[in-house]
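Here is the structure we will look at, set down as structure tokens.
The values are calculated or read from the model by the stated rules, or taken from the named source; none is laboratory data. None of these values were measured; they are calculated from a predicted model. As a convention, Cβ positions derive from the backbone with ideal geometry for all residues, glycine included, and neighbour counts pool all protein chains shown. Ligands, DNA and RNA are excluded from the accessible area calculation, which covers all protein heavy atoms including side chains. Shrake-Rupley method; radii C 1.70, N 1.55, O 1.52, S 1.80 Å.
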Amino acid sequence: MLFIRMLKRVGQSPACGCWTPVLPVRFLGVSPRQIPADANFHSAFFSGTDHPRVLITGGLGQLGVGLANLLRKRFGKDNVVLSDIRKPPDHVFHSGPFIYSDILDYKNLREIVVNNRITWLFHYSALLSAIGEANVSLARAVNITGLHNILDVAAEHNLRLFVPSTIGAFGPTSPRNPTPDLCIQRPRTIYGVSKVHAELMGEYYHYRYGLDFRCLRYPGIISADSQPGGGTTDYAVQIFHDAAKHGKFECNLEARTRLPMMYIDDCLRATLEVMEAPAESLSMRTYNVSAMSFTPEELAQEVLKHVPEFQITYNVDAVRQAIADSWPMKFDDSNARKDWGWKHRFDLPELVTTMLNFHGSETRVAQAN
Ligand SMILES: NC(=O)c1ccc[n+]([C@@H]2O[C@H](COP(=O)([O-])OP(=O)(O)OC[C@H]3O[C@@H](n4cnc5c(N)ncnc54)[C@H](O)[C@@H]3O)[C@@H](O)[C@H]2O)c1
Ligand SMILES: C[C@@H](O)[C@H](N)C(=O)O
């Protein structure tokens, strides 16, 4: 089938079914790395009805364990391999396959893909915005060199590849309210620069080598049972821990800083939905996805409805504030809604109720012990 996959579309979008064959993939080579001519043979063993065999990189961060849980429910526990360079906690280690994988080690990646017969790859390893500014060379290595390894291994082994991008892929010269899918992208963080690079490289590999690359630009993600890894939107996670535990919170962004946000369940569902969407429904390979936008002040008002003694104070972190001021205030995700039916379920009131229920019950358990 590879021989008939056409690389270039001419004139009209694939959604209309009007593809014009221009160059078969074999004329351009299967991947940019030197690989044996039959390296794609193993993909022939999988029929369309088989469950994918999934690898998640950077799986021990804020989002990876939740994604593994969702995918394991869908595809079976043993079909989803979680990986990271960190040691997993017991409950994660015992919940399904876990292996060490450093995305900077290409040979290790290739071995994992081959030995586990991987067909889908979710690439979550990254250094986020604030921590990336604190360690630019490491962020450049992980987010850019690591991505190159991921793209190559995915192209070589004919994988379906998901790479998350972010609101951070936009900058101060982008339209900020709302921010459409296609507009100026001149971010001023190494994180943002690396994510624009990932979007462009993934799309390039799609058109040049036929790679099935799919990408969503996530807003700030809010989760109850996992900690964020050094981002600018982290305040919107921490506020719930502190409200439930101490009844107060010191915010490192200004009260009126508006940013797009999403509850983790919506984020992970969007990720699975775009990966399962028929290729013909995707008029683009990189989509904004959105749920809500709020400021720290508005979030605090909503928390107050549940925790009447709650107090918020502000101690602004200059680095994070400058980053937030350059990011979208509101995301336009109409293309995702139109093309593959994206619909969020959590708005601000449901988010706050869910988060406080989780932390409230945790706090009560801790107090009882
Ligand atoms: N959390 C959010 O709000 C958010 C928003 C937009 C996009 N994203 C994207 O989603 C993805 C997952 O985000 P997250 O919040 O879970 O990130 P995180 O920072 O919590 O986790 C990233 C993981 O990458 C791992 N990692 C670092 N270097 C590695 C290497 N060399 N090899 C393998 N793994 C390595 C880390 O150990 C860590 O567990 C990232 O690509 C991020 O850019 C997240
Ligand atoms: C927005 C997102 O990419 C991440 N939470 C960060 O703040 O860096």
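Some observations on this one:
- Extreme residue, farthest from LEU138 (Cα to Cα), among residues of the range 89-107 that are within 11 Å of ligand 1 (Cβ to nearest atom) and in a loop (DSSP other than H, G, I, E, B): SER101
- Hits in the range 255-279 (condition: open to solvent by 30 Å² or more (accessible area, probe 1.4 Å) and within 25 Å of ALA318 (Cα to Cα)): ARG256, ARG258
- Leading residue by the ranking (least open to solvent (accessible area, probe 1.4 Å)) among those in the range 133-176 that are within 18 Å of the chain's Cα centre (by Cα) and among the charged types (D, E, K, R): ARG160
- Beta carbons closer than 6 Å, at least 6 apart along the sequence or on distinct chains, pair a first residue in the range 123-143 that is touching a residue at least 12 places away in the same chain (Cβ under 8 Å) with a second that is within 7 Å of ligand 1 (Cβ to nearest atom) and part of a strand (DSSP E or B) for HIS123/THR57; TYR124/THR57; SER125/THR57.
- Given (1) within 30 Å of MET329 (Cβ to Cβ); (2) away from ligand 2 (no atom under 16 Å from the Cβ), index of the condition TYR100 fails: (1)
- Enumeration of residues in the range 202-254 that are more than 14 Å from ligand 1 (Cβ to nearest atom) and more than 29 Å from ASN315 (Cβ to Cβ): GLU203, TYR204, TYR205, HIS206, TYR207, ARG208, TYR209, GLY210, LEU211, ASP212, PHE213
- A single member of ARG86, ARG117, ARG110 is part of a loop (DSSP other than H, G, I, E, B), away from ligand 1 (no atom under 14 Å from the Cβ) and open to solvent by 10 Å² or more (accessible area, probe 1.4 Å), and it is ARG117.
- Unique match (being under 19 Å from GLU273 (Cβ atoms) and out of contact with any Gly (no Cβ under 9 Å at 6 or more places or on another chain)) among LEU71, LEU60, LEU55, LEU67: LEU71
- Restricting VAL65, VAL81 to those that are at pLDDT 95 or above and in a helix (DSSP H, G or I) reduces the list to VAL65.
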